[in-house]
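The block underneath contains the structure these notes are about, expressed in structure tokens.
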Amino acid sequence: MERLMNAAASRRGFLGAGMTALGGAWAAPRRRRIPIALELYSVREECKKDIKGTVRAVGKMGYDGVEYFATYFDFGVDLCKELRQIMDELKIRCFSTHNAGKFLLPENLDKTIELNRILGSRHIIQASAGKITTAQGWRDVAGQLNAAAEKVKPHGMRVGFHNHQAEFTAVEGQLPFEILAQNTSKDVILQLDVGAAMSAGADPVAWIKAHPGRTVSVHVKDYSKDPAKGFRVLTGEGDAPWKEIFQAAESVGGVEVYIIEQEGASLPPLETVEQCLKNWRKLRA
């Protein structure tokens, strides 16, 4: 009997050691850590006064990086190099830039590539297409994105487009963001602004699931259906279904970075984005 008990104990020990060695095969899969950045438009007045000091402040809050908005195009090479040095010192990244449509046109694209290369950005996102009133107009935008995508590809970069409410408002019976999805190559990122999509009545989870691999970048902007609040809610304090968005973005969407953007709040801008980051951490806990 003692020999049988010892044998059973030995077998249990062997199985336990085997399960430990196999680790990931037996354990529940861990959620991949996706970096969290800040769209600097959220602190645009501070950027106007002191862009270098603002980037330092954001980095010290604990953000993994930043997204510069269109004003970076006028920084010049020297300032971009200084900003890159600051980011390197803080161990943060420029994940992407927001761009006017003209920055992606042939006459400007070389400069756009150069400045993004200096900043370390791999994603060149068009922030708006202006007022376009026809489906063909949106197909033309798609063509411009495809052309720019081919030009930046040898530099290890990708082009993308960021939605506002307009891209989820039907034109000639079609959603402009859907027109872009159907008429651009898979290399073109469809950067989803959650709050803007919701404000137009769109379902961000359904959108992500319907377009596998296209939601490489997500703007974490909350939105309240209460018209008195709208976008003036901090991350996690509105009606966005963040848990479902995370699940869809990470299982289907191909997300590589989340980017907090805040359009307004009762707190000063730097305090606002710091609180948004704290709320984000609670959502991701």
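Only the coordinates and a few stated rules stand behind these numbers; no lab work does. Predicted model, so just to flag it, every value in this text is computed and none were measured. Glycine gets a Cβ as well: all are built from the backbone with ideal geometry, and neighbour counts include every protein chain shown.
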**Message:** With the crude spin-label approximation of a point 7 Å out along Cα→Cβ, what separation in nm comes out for GLU263 versus LYS52?
**Reply:** 3.4
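Antiparallel DSSP bridges in the range 43-188: what percent, to the nearest 5?
Working: 1 of 13 bridges.
Bridges in the range 43-188 that DSSP calls antiparallel: roughly 10 percent.
Rounded to the nearest 5, what is the percent of antiparallel bridges among the DSSP beta bridges in the range 107-197? Write down the numbers at each step before the final one.
Values: 1 of 8 bridges.
Restricted to the range 107-197, the bridges split so that about 10 percent are antiparallel.
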**Fill in**
per DSSP, antiparallel bridges as share of beta bridges in the chain, % nearest 5, sits at 5
**Message:** Quick check: Cα centre of the range 232-280 to Cα centre of the range 64-125, how many Å?
**Reply:** 23
**Item:** DSSP-loop trypsin sites (Lys or Arg not before Pro) across the range 62-115, with at most 13 other Cβ within 10 angstrom
**Value:** LYS91
**CD proxy at 222 nm, helix term only [per DSSP H run n ≥ 4: -39500 (n - 2.57); per residue of the chain; nearest 500]** = -14000 deg cm²/dmol
**Complete:** If amide H atoms are modeled at 1.01 Å from N in the peptide plane, then the residues at a separation of 5 or more from VAL220, or on another chain, having amide H under 5 Å from its own are ILE259, ILE260, GLU261
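Mind checking the dipole of the range 34-284: about its Cα centre, +1 per Lys or Arg Cβ, -1 per Asp or Glu Cβ, Debye to the nearest 20? Mind showing how you got there, number by number?
On the way: 31 positive and 33 negative charges, 83 e Å.
Magnitude of the dipole: close to 400 debye.
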**Request:** Note the listed values [x] 0.95; [y] 1.06; [z] 1.18, then indicate which one is Cα Rg over 2.2 N^0.38 Å calculated from this particular structure.
**Result:** [z]
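Quick one: putting +1 on the C-beta of Lys and Arg, -1 on the C-beta of Asp and Glu, what dipole do you get for the range 214-269 around its Cα centre, in Debye to the nearest 20?
Details: 6 positive and 9 negative charges, 20 e Å.
That gives the range 214-269 a dipole magnitude of about 100 debye.
Averaging sequence separations of C-alpha pairs under 8 Å and six or more residues apart, then dividing by the length of the range 34-284, give the relative contact order as a whole percent. All intermediate terms of the calculation are to be shown ahead of the outcome.
Details: 468 pairs, mean separation 44.6, N = 251.
With pairs under 8 Å counted, the relative contact order is 18 percent.
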**Request:** Kindly write out, for the range 34-46 in residue order, the coupling ³J(HN,Hα) from the Karplus curve 6.51 cos²θ - 1.76 cosθ + 1.60 (θ = phi - 60°), rounded to whole Hz, with x marking Gly and Pro.
**Result:** 9, x, 10, 10, 10, 6, 5, 4, 4, 10, 4, 5, 5
**Prompt:** About its Cα centre, how strong a charge dipole does the range 141-226 have in debye, to the nearest 20, once Lys and Arg get +1 and Asp and Glu get -1 at the Cβ?
**Reply:** 340
**Request:** Report the one residue of TYR68, ILE179, LEU145 whose Cα lies farthest in the direction of the positive end of the charge dipole of the range 34-284 (charges on C-beta: Lys and Arg +1, Asp and Glu -1; origin at the Cα centre).
**Result:** TYR68
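Out of all Cα-Cα pairs in the range 31-167, roughly what percent, to the nearest whole number, are more than 23 Å apart?
On the way: 3269 of 9316 pairs.
Here the tail beyond 23 Å accounts for 35 percent of pairs.
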